[in-house]
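Okay, structure first, notes after.
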Amino acid sequence: MAFIHAYTLVLGRPPAEADLQRFFRVTPPSVHQMVLTLERSGLIRRQPGIARSIKVLVDPEAVNAGENMHRRPE
C-alpha cells in the first residue's frame, strides 16, 4: 500500500498491476492476488474495467507507520 500511495503522489496516477509486478519482481498472478486481497480487506478500492483505478482507503500516515514496523532497529 505504501508503494501505491507513493506512486500516486509522485506520478499523479495510481500504478497499473504491471508497475507493481516490475517493482516487486513477482509474477502477474501474484500481483493480481495481492490486489484482490487488499481490496477484499477494504484497504484499497478499484473500479472494474478502468485501468489505474486503485485508490488507497486508509490514512497515508497509517501506511507510513506500517512501513516502519518492518525496518530493522539500528
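To keep it simple, each residue is scored yes or no on (1) in contact with a Lys or Arg (Cβ under 6 Å, 6 or more places away or on another chain); (2) part of a loop (DSSP other than H, G, I, E, B); (3) at pLDDT below 95.
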residue	(1), (2), (3)
His5	no, no, yes
Leu20	no, no, no
Gln33	no, no, no
Thr37	no, no, no
Pro48	no, yes, yes
Glu61	no, no, yes
Ala65	no, no, yes
Arg71	no, yes, yes
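The conditions of being surrounded by 12 or more Cβ atoms within 10 Å (Cβ to Cβ) and in contact with a strand residue (DSSP E or B) (Cβ under 7 Å, 6 or more places away or on another chain) are met by His5.
A single member of Pro15, Pro29 is modelled with pLDDT of 95 or more, in a loop (DSSP other than H, G, I, E, B) and out of contact with any Gly (no Cβ under 9 Å at 6 or more places or on another chain), and it is Pro15.
The values are calculated or read from the model by the stated rules, or taken from the named source; none is laboratory data. Please read these numbers as outputs of a predicted model, since none were measured by experiment. Positions of Cβ are generated from backbone atoms using ideal geometry, with glycine treated the same way; all protein chains shown enter the neighbour counts.
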